[in-house]
Amino acid sequence: MQRVVVLALVLLIIAGAAAWYLGVVGPSAATLDVSLTRYDTNASGNADLIRERIGTHATIWRWDRDDSGSEDVVGYDVTATPENGLASTGTVGAWDYGADNVLDSGTVPVALQELMRTPEYAEARAAAGPGNVELVDAGLRDFVDNVQSGYDEWRLSDFQYPILGGRLPTADRLLPGAPRAYRFGVHQGFDMYPGYIGVPTGYGAPTVSVKAGTVVRADVDYVELTAEEYDEAIAISQAAGTTPEPQLDQLRGRQVWIDHGNGVISRYAHLSGIAPGIVEGMEIEAGSVVAFVGNSGMESASRGGDSGAHLHFELRIDGRYLGEGMSPDAIRVLAGPLLGAAE
């Protein structure tokens, strides 16, 4: 009799655990249904946004915003019910980018996290196949634009100016997008010359990291262009009617690049030297001295002079330079607050 009672208690505990699991996690393996719908939001030919519905319990948005082949941003339309189940809210309440909250607008319910770890979920998602491709309507476009806006606000924050206390150059020709007729090219950064940024600078002046990140390039063994090499780079550019990337890289001189993550890279060019200890692969804090102002890559340096020294600074976002295609006034409105430039 005692053995029967013990067995009954064990079965009762198992049944209770199963009921708790189904109540917390939501749909059971037998009823779990996953459907996928794909969208090409940037007309690239690739389905960069995927809407994944788990029955009527939850909707998950997976967005590969840079067409890298993996989701960059994931949104969750789900909430926990009083009965410890799941229910769709009709709006996206929580966001995640890798391990970081993008919009920090909510928390993914534990019940959904548990469900997404089960073999049944993985099997149901695989069985859903690639999903249908649907057109992007105005509502979905607004949705994507709002996500992008919040994402940009998050990743383009906490910057500072690369020369302490400086402001944006006062002359339009020193801004991104200004023509460079001598090489048939376009300027892609901010030229910070003495007399144009509100603080003293010049050959040997320090420049600092605009934000924490990882050094991905440091030309510690840089050798200055000869006069012949400089002239050849200009001749190649003039013959091409533009400045090819190899020649443009030569003309930037000694450089340091810092990867700040999430598609954002800062570049410091025409440097006279690199700060001790700055090497490729190292982590660096915002405000740390990375290099010193110079004129490397310029005609004067190729001929042994030190005139024209200034910092050429670029901020690259998703492979494009900040200010690309923008007017000088628009650049100042965007870049001033972004870089924390003095008024």
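Derivation of every value follows stated rules applied to the coordinates shown; laboratory data play no part. Keep in mind that what you see is a predicted model, and the values were worked out from it rather than measured. Cβ: placed from backbone, ideal geometry, glycine included. Neighbour counts: every protein chain shown.
How big is the equivalent ellipsoid of the stretch 169-258 along its three axes, where each semi-axis is √(5λ) from the Cα gyration tensor, reported in whole Å from largest to smallest?
24, 19, 13
Please give the calculated 222 nm ellipticity per residue for the chain, where each DSSP H segment of at least 4 residues contributes -39500 (n - 2.57) and the sum is spread over every residue; nearest 500 deg cm²/dmol?
Mean residue ellipticity, 222 nm, calculated: -8500 deg cm²/dmol.
Relative to the longest principal Cα axis of the chain, at what angle does helix 227-240 sit, 0 to 90 degrees, rounded to 10?
That works out to roughly 60 degrees.
To the nearest 10 degrees, how steep is helix 328-338 against the longest Cα principal axis of the chain, on a 0 to 90 scale?
60 degrees
What nm value, rounded to one decimal, do you get for the distance between ALA181 and VAL220 when each label is placed 7 Å out toward the C-beta?
4.3 nm
Relative to the first principal axis of the alpha-carbon coordinates of the chain, what is the inclination of helix 138-155, with its axis defined by its Cα atoms, in degrees from 0 to 90 and to the nearest 10?
60 degrees
Apply the Karplus curve 6.51 cos²θ - 1.76 cosθ + 1.60, θ = phi - 60°, to the phi angles in the stretch 116-121 and return the couplings in whole Hz, x for Gly and Pro.
Residue by residue, the stretch 116-121 yields 5, 8, 7, x, 4, 5 Hz.
With the alpha-carbon atoms as the only input, what is the per residue convex hull volume for the stretch 63-195 in Å³?
Roughly 207 Å³ of hull volume per residue.
Largest first and to the nearest Å, give the Cα extent of the stretch 172-338 along each principal axis.
Dimensions of the stretch 172-338 along the principal axes of its Cα atoms: 40, 36, 30 Å.
Say R0 is 56 Å: what FRET efficiency, to the nearest 0.05, do ASP259 and GLU83 get from their beta-carbon distance?
Efficiency, from the Cβ-Cβ distance: 0.75.
Taking amide hydrogens as modeled 1.01 Å from N in the peptide plane, which residues meet the under 5 Å criterion relative to LEU86, leaving out close sequence neighbours?
THR81
Restricting to DSSP loop positions (anything but H, G, I, E, B) with no more than 15 other Cβ atoms inside 10 Å of their own Cβ, which trypsin sites (Lys or Arg not before Pro) remain in the stretch 123-204? Can you show the working numbers first?
On the way: sites: ARG125, ARG141, ARG155, ARG167, ARG173, ARG180, ARG183; in loops: ARG167.
Filter output for the stretch 123-204: empty list.
Return the FRET efficiency for the residue pair VAL289, ASP318: r is the Cβ-Cβ distance, R0 is 22 Å, and the value is rounded to the nearest 0.05.
In this case the efficiency is close to 0.20.
When Rg is the radius of gyration of the Cα atoms in the chain and Rh is its Kirkwood radius, what does Rg/Rh come to? Please report the intermediate quantities before stating the final value.
Numbers: Rg = 27.5 Å, Rh = 23.8 Å.
That ratio equals 1.16.
With no solvent and one point on each alpha carbon, what is the Debye value of log10 I(q)/I(0) for the stretch 215-306 at q = 0.21, 0.25, 0.26 Å⁻¹?
These q points yield log10 I(q)/I(0) values of -1.00, -1.20, -1.25.
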